[in-house]
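Working notes, beginning with the structure itself.
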Amino acid sequence: MANDLWTRRRVLKAIAAAAGSAAAPTMPRSTAATEPDLELRLTAAPGGEPSIVHWHGMLVPEEADGHPRFAVDSGGEYLYEFTVRNPAGTYLYHPHPHGRTAPQVYSGLAGLLIVREPDEAKRALPGREHELAIVIQDRRSGNSFSYSRGMMTQMSGLLGDVVLANGRADAVFRVTPRAWRLRLANVSNARVYKLAWSDGRPLRVIGTDSGLLPGKPLERPYLVLAPFERVEILEDFGTRAPGAEIALESLEFSSLSMGSMMGNMMGGGGMMGGGGMGGMMRGMMGPEQGEPLTVARFVISRDARVKPSEVVLPASPPAPEKPAAALYSRVSFRRMRGFFNGRDFDMDAVADDERLPLGRPTVWTFENDGGGMPMPHPIHIHGVRFRILERRGDGAPQDLREGLIDAGFKDTFLIFPGERVKVHVVPTEPGMFMYHCHNLEHEDGGMMRNCLFRA
Ligand code: C2O
Ligand code: CU
Ligand code: CU
């Protein structure tokens, strides 16, 4: 007899992919342990563009992964069926048609898929009433939905000058003086945030892309959140004065500005780097990486303070197993386009150095060699959760270094010019998946490749 819970289906007729008809980020929530069977139907609105939705971070069968080869034409439908196998965490969905991901996401087609487990109740985490999910996306003011891809945009990715939190500029959240769980997701096309509290308090990180961190919360003065990374933090708003207002900001940094990138390319390092040139470029070319921005404000109510309890995070997972295979991908960006081992996207091709043994550990080394235009790239692998084993090389810039969270399980990581990052991955779903730069303009420009998970 089939267990009732396993046969229950929920149909979420969720996403219409018509260019320009922006949907505010929505949150289909699923409860992993009680409703494991999920059926979702994508309807590409007539008169719109082809599309396909990808469940970013989810371990789903090949056919449910939203690979661009499954894109449906306007008016068409795609049916997804999968069982939620991910641990509780903050996952995403967004369109993935080749060459059109950036404009469709910019139109607002990106949201959270939150997985919950009954298990979480034992962790003394704030309950759902004391939880905020905040989807962060930047936009160009004045033309908030019209998308155009000029030369500068192809290179740096589209950068806005206004930050939307859950679709709103100048968002304000009302919170009570107690501990809150904040799920922060960056669904910006290209912007890297340096998140910090306006009053200088450290942030306490309890989770990353793919679930809770083990052990104790990590404290950081600021957090670097690259496109499509997520982070969960715990904030005790009761430690501020009643009625106080604090902001979640993105602090200024200069290391990723076009000025300093070009400075590095010319071998000048500091010469053109930093604020001066960055500031000049900003004036000339529109919004830049590293501009100070406000993400959202929080107003603390005058209710009675609720003392926080000590959270119980999961025990450390077993150490990564000895690898059965090793892969190497050289990341480069030249003539306005990105490459992995010198190759760009080909809808059906998989090279020998893109095959991973199913069910067995692979150490996959990515090296951003700085050839061509030295740029940071948020690298993402579909259909897996991985661990970052090592980050080496010239290293992350001084003004971002402290905010990188390489702990826990991830599906996206930022790699800076000159860095080499080793990830440990054990694919569990057979089939053809993909990996790519998650700067959406780089991705649409072909900085994307298939990878094959096979026994
Ligand atoms: Cu967020 Cu290829 O995906
Ligand atoms: Cu993905
Ligand atoms: Cu890139």
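The values are calculated or read from the model by the stated rules, or taken from the named source; none is laboratory data. These numbers come from a predicted model, not from an experiment. So basically every Cβ, Gly included, is an ideal-geometry build from the backbone, and we count neighbours across all protein chains shown. Protein only, heavy atoms only, side chains kept; ligands, DNA and RNA dropped before computing areas. Shrake-Rupley method; radii C 1.70, N 1.55, O 1.52, S 1.80 Å.
Cross-link candidates for Lys422: which lysines have Cα within less than 16 Å, leaving aside residues fewer than 8 places away along the same chain?
Lys322, Lys410
5 Å is the cut-off here: which amide hydrogens, built 1.01 Å from N in the peptide plane, fall below it relative to Val192, excluding neighbours closer than 5 in sequence?
Gly290
So, counting K/R as plus one and D/E as minus one, what does the shell of residues with Cβ under 10 Å around Arg149 add up to? Don't skip to the end; give the middle numbers.
Values: positive: none; negative: Glu441, Asp444.
Local net charge: -2.
Rolling a 1.4 Å sphere over the protein heavy atoms, what is the accessible area per residue of the chain, to the nearest Å²?
Details: 17190 Å² over 455 residues.
Heavy-atom SASA per residue in the chain reads 38 Å².
Cut-off under 14 Å on the C-alpha distance; same-chain residues fewer than 8 positions from Lys194 excluded. Which aspartates and glutamates are left, in chain and number order?
Reachable aspartates and glutamates: Asp138, Glu229, Glu249, Glu252, Glu288, Glu291, Asp399, Glu402.
Between Ala407 and Thr239, what is the spin-label point distance in nm, taking each point 7 Å from the Cα along the Cα→C-beta axis?
Each label point is offset 7 Å from its Cα along the Cβ direction, giving 1.6 nm.
What number comes out for the charge environment of Pro202, summing +1 per Lys or Arg and -1 per Asp or Glu over other residues with Cβ under 11 Å away? Intermediate values should be presented prior to the final figure.
Values: positive: Arg201, Arg204, Arg220; negative: Asp199, Glu219, Glu235, Glu402.
Here the charged neighbours net out to -1.
If you project the alpha carbons of the chain onto the principal axes, what extent comes out on each, in Å, largest first?
56, 56, 51
Quick one: which residues, 5+ away or cross-chain, put their amide H under 5 Å from the amide H of Gly48? H built at 1.01 Å from N.
Gly75
Is any residue of segment 97-125 close enough, with backbone N under 13 Å, to a label point placed 7 angstrom from the Cα of Arg149 along the Cα-Cβ axis, and if so, which?
Once the point is set 7 Å along Cα→Cβ of Arg149, 97-106 turn out to lie under 13 Å by backbone N, inside segment 97-125.
If each DSSP helix of 4+ residues adds -39,500 (n - 2.57) and the sum is divided by the residues in the chain, what number results at 222 nm, nearest 500 deg cm²/dmol? Please report the intermediate quantities before stating the final value.
Numbers: 6 runs with 40 residues, N = 455.
Using -39500 (n - 2.57) per qualifying helix, the result is -2000 deg cm²/dmol.
Run the accessible area of segment 141-273 with a 1.4 Å probe and give the carbon-and-sulfur part as a rounded percent.
In segment 141-273, the share of accessible area belonging to carbon and sulfur is 53 percent.
Show the residues, 5+ positions off or on another chain, whose built amide H is closer than 5 Å to the amide H of Ile415.
HN-HN under 5 Å from Ile415: His377, Ile379.
Using the Karplus curve 6.51 cos²θ - 1.76 cosθ + 1.60 with θ = phi - 60°, work out ³J(HN,Hα) for each residue of segment 191-203 in order, rounded to whole Hz, and write x for Gly and Pro.
Working through the residues one at a time gives 6, 9, 9, 10, 7, 8, 7, 5, 9, x, 5, x, 9 Hz.
Could you rank the peptides 355-368, 425-438 by their average count of other C-beta atoms within 10 Å per residue, with the highest value first? List each step's numbers first, then the result.
Working: 355-368: 18.8, 425-438: 22.1.
Per-residue mean Cβ counts within 10 Å order the peptides as 425-438, 355-368.
Tell me the net charge near Ile381. Cut-off is 10 Å between Cβ atoms, Ile381 excluded, with +1 for each Lys or Arg and -1 for each Asp or Glu.
Cβ neighbours under 10 Å give a net charge of +1.
I need the phi-derived Karplus couplings for segment 122-136: 6.51 cos²θ - 1.76 cosθ + 1.60, θ = phi - 60°, integer Hz, Gly and Pro marked x.
With coefficients 6.51, -1.76 and 1.60, one gets 7, 9, 6, 7, x, x, 4, 5, 10, 10, 10, 9, 10, 9, 9 Hz.
Would you mind computing, in nm to one decimal, how far apart the modelled labels at Thr294 and Ala45 are, each placed 7 Å from Cα along Cα→Cβ?
Simple spin-label model gives 3.1 nm for this pair.
Hey, what do the phi angles of segment 158-165 turn into as Karplus ³J(HN,Hα) couplings, whole Hz, using 6.51/-1.76/1.60 and θ = phi - 60°, x for Gly and Pro?
With the stated coefficients, segment 158-165 comes to 6, 10, x, 10, 10, 9, 9, 10 Hz.
Using a 1.4 Å probe on the protein heavy atoms, what percent of the accessible area of segment 338-454 belongs to carbon and sulfur? Walk me through the numbers before you get to the answer.
Working: 1560 of 3460 Å².
Solvent-exposed carbon and sulfur of segment 338-454 make up 45 percent of the total.
Taking the simple approach of a point 7 Å from Cα along Cα-to-Cβ for both Lys216 and Asp369, what is their distance in nm?
Modelled inter-label distance: 4.2 nm.
I'd like to compare 187-200, 162-175: which one has the highest average count of other Cβ atoms within 10 Å, and what's the full order after that?
Details: 187-200: 21.9, 162-175: 16.6.
Sorting 187-200, 162-175 by mean packing, highest first, produces 187-200, 162-175.
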